[in-house]
1. For segment 141-165: of the residues being part of a helix (DSSP H, G or I) and touching a helix residue (DSSP H, G or I) at 6+ places or on another chain (Cβ under 6 Å), which is surrounded by the fewest Cβ atoms within 10 Å (Cβ to Cβ)?
2. I'd like the residue in segment 87-96 that is over 14 Å from F23 (Cβ atoms) and either in contact (Cβ under 8 Å) with a residue 24 or more places away in the chain or outside any helix (DSSP H, G or I) (or both) and, out of all such residues, is nearest to the chain's Cα centre (by Cα).
3. Being over 16 Å from V236 (Cα atoms), within 27 Å of the chain's Cα centre (by Cα) and not aliphatic (A, V, I, L, M) is the filter here, so list the residues in segment 269-307 that pass it.
4. Examine segment 267-276 for a residue that is surrounded by 13 or more Cβ atoms within 10 Å (Cβ to Cβ), in contact with a helix residue (DSSP H, G or I) (Cβ under 7 Å, 6 or more places away or on another chain) and among the charged types (D, E, K, R), and state whether such a residue exists.
5. Taking the stated definitions as given, is D173 at pLDDT 95 or above, under 23 Å from the mean Cα position of the chain (by Cα) and over 18 Å from V273 (Cα atoms)?
6. Which is at pLDDT 95 or above, of a type outside the set (A, V, I, L, M) and part of a strand (DSSP E or B), of K118, K76?
7. Quick check: is even one residue across segment 228-236 in a loop (DSSP other than H, G, I, E, B) and of a type in the set (G, A, S)?
8. For segment 53-72, enumerate the residues that are free of Cβ contacts under 8 Å to residues at least 40 places away in the same chain and not in a loop (DSSP other than H, G, I, E, B).
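The values are calculated or read from the model by the stated rules, or taken from the named source; none is laboratory data. In this text the structure is predicted, and so the values were computed from the model without any measurement. Reconstructed Cβ throughout: ideal geometry from the backbone, glycine too, with neighbour counts over all protein chains shown.
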Amino acid sequence: MIVVRDLSALEKVNYAVVTIGTFDGVHIGHKKIIDRLITSAKTNNLKSTILTFFPHPRMVLQQDADLKLLNTLEEKINILKQTGLDQLIIHPFTKEFSRLTATEYVADILVKQLQAKKVIIGYDHRFGRNRTATIEDLVEFGETYNFEVEEISAQEVDEVSVSSTKIRKALSDGDILTANAYLGYPYMLTGVVSKGKGLGRQIEYPTANIAIEETYKLIPKDGVYVVKSKLDGKIVFGMMSIGFNPTVGGTHKTIEANFFDFNQDLYGKKIQVDILQRLRNEEKYPSVEVLKQQLAKDKIASLDFIKNHYVE
């Protein structure tokens, strides 16, 4: 998959089938559209192309600090690489870009730069300055500029939007199994391992403190989770705490993973942690010793889940 962040670098002969959207989560609803895009491109000997925007338009136009996304940009790229897509165009979304008229957007972006021969788009897609142009306008542009428009039905669009909404709600509620079912893969957190207070090591449960740089990334509900990660080329399972460590007087939220049968130094490394199951809420225990006893129970519950779902 070619990733293009500057449209001027795109080869002009890459005639494309294009779909447009944020594709946050790249979940099972999105994948149906992507499969349709790829099939159409292969049938017509064209390049399957997604045009997406970063930052998210709402972050720019509404300065929506409360908007939380399912993927960081890096995560989205990595997921899309696995779909068989030919080209991912990440166009910078700015206030200036949002002011393009529908005609300017179609003529300059879709036709001149992307060389679109077909556009697959939702029935409710709107574009151009103040989002005033509709799919009917796009069909007219297609007749003018010689590209085909294929409409994604209301049912398919609703499936995509509903599952995105459900995923965010499920994660906020701690319902990781529902979120993962809609995603079609385990929800992931990606960050750099940073030094913590070392308390975990003192109580025989050393943890990797994961610092996530992207403040827009949605963090699931506080609690303890079963996780897996690929560390030094090996799949490693573990358990992870999201929360404030109230037993030891924690004052800020941390994400700490304890990996089983793994003791290499991870400081400074960027790792991806896949969340598999939620075990319990975060609790404040009367002492560190009681916390340690609970962690032993959490490990048993984690290993039981792993045995039942991941070990043949």
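1. Ranking the candidates gives Y145 first.
2. That would be P92.
3. R278, R280, N281, E282 - these are the residues of segment 269-307 that are over 16 Å from V236 (Cα atoms), within 27 Å of the chain's Cα centre (by Cα) and not aliphatic (A, V, I, L, M).
4. no
5. Here the answer is yes, as D173 does meet what is asked.
6. One residue alone meets the criteria, K118.
7. yes
8. Once the filter is applied, which keeps residues that are free of Cβ contacts under 8 Å to residues at least 40 places away in the same chain and not in a loop (DSSP other than H, G, I, E, B), segment 53-72 yields F54, R58, V60, L61.
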